[in-house]
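Have a look at the structure below, then the notes.
Nothing in this text is a laboratory measurement; each read-out follows from the coordinates by a stated rule. What you see is a predicted model; the values in this text were computed from it and never measured. FYI the Cβ positions are ideal-geometry reconstructions off the backbone, even for glycines, and counts take in every protein chain you see.
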Amino acid sequence: MTNSTGSSSGVAVITGASSGIGKAFAERLASDGYDIVLVARRRDRLESVAREIKAAGASAEIIVADLAQSHGLDMVEQRIQAGDVSLLVNNAGFQTYMPFVDLSIDRAQEEVAVQVTAVMRLSHAALPAMIARGEGAIINVSSLLCFSGSLKSPFMPKRSVYAATKAFITMFSELLAAELQGKGILVQALCPAVVRTEFHDIDGKPVLRPNVPVMEPGDVVNASLAGLRQGDTICIPALEQVGKLSAVGDANRALFDAGRGAELAPRYR
Ligand SMILES: NC(=O)c1ccc[n+]([C@@H]2O[C@H](COP(=O)([O-])OP(=O)(O)OC[C@H]3O[C@@H](n4cnc5c(N)ncnc54)[C@H](OP(=O)(O)O)[C@@H]3O)[C@@H](O)[C@H]2O)c1
């Protein structure tokens, strides 16, 4: 049986599967024939998603784990190292939209643990078996904000740590995809803009500026899986003009070439 990624079905591990985009991935991948492993901290939510998936006739297992803690990360790594995972969705995450100096450094560290360390370690755990089978895929949920370093709009959230972790995810995914070319493994950085999830909640209530375009989680998942089938390493769900994305690559290459000299630029002498 082939599935949404165009490869044979197997086990899909989804982090952050208790709500939002991760839950939408779990539901869609279960209906596509995957056996699902759901990872997050809230047991009740995971059990409810697992019940839904099982009621629809698919298989679901849960791992209650905090990916910011080494114990939680170890548990998920060990499950992945069983070697049967054909799709890993590194989706768990949260925002810390506030000025950097106001952000608790422990919270910032947690964000790096979940959105950098866990993404890197779980990918590392999954790849050996995928390479041995010559088949597999990793979807890393980044954000359109990974491209926002030069945007100075006062309406944009303060996001130094959040967007930097997403920049890691996008660059890591691009370079990993290039390293793995020809090995039958697809890697994607999924870069949505604003999505209707609990991500935007404050004290349990949605807080979104009016007039901001908001995408539904199911559409983000549809774009990601369609993009995977098309071989898109970077998937921006609302982007129709792919030339805008290749222009970023062209600009990076031009900058790289122009910045490689052995001599100081005159403006720095
Ligand atoms: N919503 C947007 O506008 C948007 C836009 C671009 C990118 N994204 C990205 O999309 C991803 C999913 O977010 P979402 O929008 O679906 O928000 P969400 O509904 O709040 O889901 C976040 C998920 O991450 C899990 N999570 C958070 N911290 C965790 C930890 N320490 N250990 C394990 N799991 C943890 C949460 O589960 P528990 O609380 O149960 O642990 C939850 O399942 C994130 O990486 C986010 O950065 C979101």
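Here are a few things to note about the model shown:
- Rounded to the nearest 20, the size of the Cβ-charge dipole of the chain about its Cα centre is 580 debye, with Lys and Arg at +1 and Asp and Glu at -1.
- Only one residue of MET120, LEU151, ALA50 has its Cα farthest out toward the positive end of the dipole of the chain, where Lys and Arg carry +1 and Asp and Glu -1 on Cβ, and that residue is LEU151.
- The fraction of all Cα pairs in segment 7-151 landing in successive 5 Å bins from 0 to the largest distance is 2, 10, 19, 21, 20, 13, 8, 4, 2, 0, given as whole percents.
- Shape call, segment 25-92: gyration tensor on alpha carbons, a/c limit 1.5: oblate
- Neighbour counts of other Cβ atoms within 10 Å put SER153, SER70 in the fewest-to-most order SER153, SER70.
- Options VAL195, ILE62, MET75, ranked by Cα towards positive dipole end of the chain, top entry (Cβ charges): VAL195
- Across segment 186-192, coupling constants 3J(HN,Hα) worked out from phi with the 6.51/-1.76/1.60 Karplus curve, θ = phi - 60°, read 9, 10, 9, 9, 9, 10, x Hz, and Gly and Pro carry x.
- Taking θ as phi - 60° and the Karplus parameters 6.51, -1.76 and 1.60, the scalar couplings of segment 151-161 work out to 7, 10, 4, x, 7, 7, x, 6, 8, 3, 6 Hz in sequence order, x denoting glycine and proline.
- Residue order, fewest to most surrounding Cβ atoms within 10 angstrom, among VAL89, VAL112, VAL101, VAL187: VAL101, VAL112, VAL187, VAL89
- Contact order normalised by residue count of the chain, Cα under 8 Å, 6+ apart, percent: 17 percent
- Amide H to amide H, with H built 1.01 Å from N, VAL187 comes under 5 Å of ILE138, counting only residues 5 or more places away or on other chains.
- Near-label residues of segment 58-92 by backbone N, under 19 Å of a point 7 Å along Cα→Cβ of SER31: 58-61
- In summary, the aspartates and glutamates within cross-link reach of LYS23, defined as a Cα separation below 18 angstrom excluding same-chain residues under 8 places away, comprise ASP32, ASP35, ASP44, GLU47, GLU52, GLU61, ASP66, GLU198, ASP201, GLU216, ASP219.
- ASP203, ASP102, ASP232 arranged by Cβ crowding within 10 Å, fewest neighbours leading: ASP203, ASP102, ASP232
- Ratio of the Cα radius of gyration of the chain to 2.2 N^0.38 Å, where N counts its residues: 1.03
- Whole-Hz couplings from phi, Karplus 6.51/-1.76/1.60, listed for segment 74-79; x for Gly and Pro: 4, 4, 6, 4, 4, 5
- Simple label model, 7 Å out from Cα along Cβ direction - ASP44 to GLU240, nm: 4.3 nm
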